[in-house]
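K.L.:
A single structure is presented below for examination.
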Amino acid sequence: MFSTFFVNTCILVTFLYITGLISQRYKIRLHTLTHKVHWIGGALFGCYGIVIMYYSIPVGFNTIADLRHLAIVATATYIGGPAALMATLFICLGRLLLFGINNQAIVGAVFMLLAGLGCTVLSHLSWSRLPKLMIMNVFALGIIFCPLMINLKNLDDVLHVYPLQFFISMVGGCLLYLIAESINTSNELLLRLERTSYTDHLTNLSNRRQLEFSLEEELPQARQRHEHLSVLVLDIDHFKEVNDTYGHAAGDAVLRQLGQILMEKCRANDVVTRSGGEEFTVLLPNCAFRQALRIANQILSGVNQYEFVLADGLILKVTVSIGVTTFPGTGEDISGAALLEQADKALYEAKKAGRNRVCSYEI
């Protein structure tokens, strides 16, 4: 009996680890769960509960004892009420359809449904995860005692299995908590590290690495869909004079505020990047040349009208030069690096023509 309950716990721990790997693969975070994740997670943990039933202990006629309720408790604690309800429905249907529909199975399914509904309600409590998990575990075990008494009809038979079930369930709940918290912490750190590796630390825009990755992704899609892909490269005019006159802290303030202007003037799906130093790049998916030129002029006008405020309250006026190029106007077989080079050449022409202007690449 002890070995069977122990196997139940090991199965759930293994499945919890697999779920952690899945959440890591798809970058799922506990505080930003979507409705889709709730339903898929609930179905997944419901299937875990069904598997656990295959390793249950026969304790009477058509009556089994196991730790399937821990799948519901874990779901309610770490995913939420809707997912717990979904897991409960899966487990109840699994009990009836896979193990035979009889009076004992119906009683077990009904009380498991009550346990799931209770855990769904308790999941909305604003407590930390450990006390919430423990309380839901105790609550579910209390509910489970009722179908055992109804089906076995003998307190001695119930006490033969229930104390051990209660003890291992509480130990298993603590073990689940430790493993789930470890997986969650690890995933959060990994996501934070990954985000840092693709983000410019000063402006919180994309960095050069993210730009290259996005370009490798967007250029083949533009070819396949016969769409335009435009690139803007812009540079702050006489930025060295800002650093030399006011200090590097002032230069950093200008870069941060310029990053905000770019985010405001560009579209939501555009990739805004600080390429390095005072140079910025904007990748414009599904954007024809005339639209790209319009966005570039909006940026130019926005920068000209903006008053850059330094830490000491001093106000600066700066200008930018912008180079524009568009695929496929400059060749179907062009690479991402060549597309950036074209935008750089257009930027050079803007600098050469007197700065504070937009120039486009011409073949």
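K.L.:
Inside the range 204-303, counting only helices (runs of 4 or more DSSP H) that do not spill past its ends, which hold 3 or more residues that are more than 26 Å from Leu316 (Cα to Cα), in contact with a strand residue (DSSP E or B) (Cβ under 8 Å, 6 or more places away or on another chain) and of a type outside the set (Gly, Ala, Ser)? So that I can check it myself, show each step before the final result.
P.N.:
Working: elements: 208-225, 239-246, 248-265.
Where helices (runs of 4 or more DSSP H) fall fully within the range 204-303 and carry at least 3 residues being more than 26 Å from Leu316 (Cα to Cα), in contact with a strand residue (DSSP E or B) (Cβ under 8 Å, 6 or more places away or on another chain) and of a type outside the set (Gly, Ala, Ser), they are 208-225.
K.L.:
Please list, ordered by first then second residue, the pairs with beta carbon atoms under 6 Å, 6 or more apart or interchain, first in the range 332-344 and part of a helix (DSSP H, G or I), second polar (S, T, N, Q) and at pLDDT 90 or above.
P.N.:
From the range 332-344, the pairs are Gln342/Thr325; Ala343/Thr325.
K.L.:
Consider the range 53-79. How many of its residues are part of a helix (DSSP H, G or I), hydroxyl-bearing (Ser, Thr, Tyr) and surrounded by fewer than 23 Cβ atoms within 10 Å (Cβ to Cβ)? Please lay out each step first, then the result.
P.N.:
We begin by selecting, within the range 53-79, every residue part of a helix (DSSP H, G or I); these are 53, 69-78.
From the residues that got through so far, the ones that are hydroxyl-bearing (Ser, Thr, Tyr) too are 75, 77-78.
Narrowing the set further to residues that are surrounded by fewer than 23 Cβ atoms within 10 Å (Cβ to Cβ) leaves none.
So the count comes out to 0.
K.L.:
Name the residues in the range 294-307 that are open to solvent by less than 60 Å² (accessible area, probe 1.4 Å) and under 34 Å from the mean Cα position of the chain (by Cα), would you? Spell out how you get there, then give the answer.
P.N.:
Let us first name the residues in the range 294-307 that are open to solvent by less than 60 Å² (accessible area, probe 1.4 Å), namely 295-296, 299-304.
Selection gives Ile295, Ala296, Ile299, Gly302, Val303.
K.L.:
Please specify each residue of the range 95-110 satisfying the condition of being open to solvent by 10 Å² or more (accessible area, probe 1.4 Å) and either basic (Lys, Arg) or in contact with a Phe, Trp or Tyr (Cβ under 7 Å, 6 or more places away or on another chain) (or both).
P.N.:
Within the range 95-110, Arg95, Gln104 meet the criteria.
K.L.:
If you don't mind, another one. Which ones in the range 236-254 are under 25 Å from Tyr361 (Cα atoms) and either among the polar types (S, T, N, Q) or surrounded by fewer than 21 Cβ atoms within 10 Å (Cβ to Cβ) (or both)? Working first, answer last.
P.N.:
Step one: list which residues in the range 236-254 are under 25 Å from Tyr361 (Cα atoms), which gives 236-239.
Across the range 236-254, the qualifying residues are Asp237, His238, Phe239.
K.L.:
Among residues belonging to the range 348-363 that are in contact with a Phe, Trp or Tyr (Cβ under 9 Å, 6 or more places away or on another chain) and either among the charged types (D, E, K, R) or touching a residue at least 40 places away in the same chain (Cβ under 8 Å) (or both), point out the one that is nearest to Glu218 (Cα to Cα). Walk me through it before giving the result.
P.N.:
To start, the set of residues in the range 348-363 that are in contact with a Phe, Trp or Tyr (Cβ under 9 Å, 6 or more places away or on another chain) comprises 349, 359-360.
If we keep only those that are either among the charged types (D, E, K, R) or touching a residue at least 40 places away in the same chain (Cβ under 8 Å) (or both) too, we end up with 349, 360.
Numbers: Glu349: 26, Ser360: 20 Å.
Residue satisfying both the conditions and the ranking: Ser360.
K.L.:
Also: Kindly provide the set of residues from the range 268-287 that are closer than 17 Å to Phe327 by Cβ and open to solvent by 40 Å² or more (accessible area, probe 1.4 Å), ordered by number.
P.N.:
Once the filter is applied, which keeps residues that are closer than 17 Å to Phe327 by Cβ and open to solvent by 40 Å² or more (accessible area, probe 1.4 Å), the range 268-287 yields Asn269, Asn286.
K.L.:
Mind checking which residues of the range 308-361 are farther than 22 Å from Gly277 by Cα, surrounded by fewer than 19 Cβ atoms within 10 Å (Cβ to Cβ) and in contact with a Lys or Arg (Cβ under 9 Å, 6 or more places away or on another chain)?
P.N.:
Residues satisfying the conditions are Pro328, Glu332.
K.L.:
Looking at the range 111-126, is at least one residue in contact with a strand residue (DSSP E or B) (Cβ under 8 Å, 6 or more places away or on another chain) and either under 21 Å from Ile11 (Cβ atoms) or surrounded by fewer than 15 Cβ atoms within 10 Å (Cβ to Cβ) (or both)? Spell out the reasoning first.
P.N.:
Of all residues in the range 111-126, those in contact with a strand residue (DSSP E or B) (Cβ under 8 Å, 6 or more places away or on another chain) come to none.
No, that holds for no residue.
K.L.:
Does the range 253-264 contain at least one residue that is closer than 22 Å to Gly329 by Cα and in contact (Cβ under 8 Å) with a residue 40 or more places away in the chain? It would help to see each step written out before you state the result.
P.N.:
Taking the range 253-264 first, the residues closer than 22 Å to Gly329 by Cα are none.
No.
K.L.:
Does Gly142 qualify as being at pLDDT 90 or above and either crowded, with 21+ Cβ neighbours inside 10 Å or of a type outside the set (D, E, K, R) (or both)?
P.N.:
Details: at pLDDT 90 or above: yes; either crowded, with 21+ Cβ neighbours inside 10 Å or of a type outside the set (D, E, K, R) (or both): yes.
Yes: the conditions hold for Gly142.
K.L.:
Looking at Ile40, Ile18, Ile11, Ile50, which one is among the β-branched types (Val, Ile, Thr), at pLDDT 85 or above, in a helix (DSSP H, G or I) and surrounded by fewer than 15 Cβ atoms within 10 Å (Cβ to Cβ)?
P.N.:
Numbers: Ile40 fails: surrounded by fewer than 15 Cβ atoms within 10 Å (Cβ to Cβ); Ile11 fails: surrounded by fewer than 15 Cβ atoms within 10 Å (Cβ to Cβ); Ile50 fails: surrounded by fewer than 15 Cβ atoms within 10 Å (Cβ to Cβ).
Residue meeting the stated conditions: Ile18.
K.L.:
Can you tell me which of (1) out of contact with any Asp or Glu (no Cβ under 9 Å at 6 or more places or on another chain); (2) modelled with pLDDT under 95; (3) not hydroxyl-bearing (Ser, Thr, Tyr) is the one Gln260 doesn't meet?
P.N.:
(2)
K.L.:
Against the conditions (1) farther than 30 Å from Asp252 by Cβ; (2) in contact with a Leu (Cβ under 8 Å, 6 or more places away or on another chain), where does Asp235 fall short? Just the number, please.
P.N.:
(1)
K.L.:
Give the residues of the range 145-193 that are among the hydroxyl-bearing types (Ser, Thr, Tyr) and open to solvent by 70 Å² or more (accessible area, probe 1.4 Å), sorted by residue number. It would help to see each step written out before you state the result.
P.N.:
Residues of the range 145-193 among the hydroxyl-bearing types (Ser, Thr, Tyr): 162, 169, 177, 182, 185-186.
Of everything in the range 145-193, those that are among the hydroxyl-bearing types (Ser, Thr, Tyr) and open to solvent by 70 Å² or more (accessible area, probe 1.4 Å) turn out to be Ser182, Thr185.
The values are calculated or read from the model by the stated rules, or taken from the named source; none is laboratory data. If you're wondering where the values come from, they're calculated on a predicted model, not measured in any experiment. Heads up, the Cβs are rebuilt from the backbone with ideal geometry, glycines too, and the neighbour counts pull from every protein chain shown. Side chains are part of the model used for accessible areas, which takes the heavy atoms of the whole protein and leaves out ligands, DNA and RNA. Shrake-Rupley method; radii C 1.70, N 1.55, O 1.52, S 1.80 Å.
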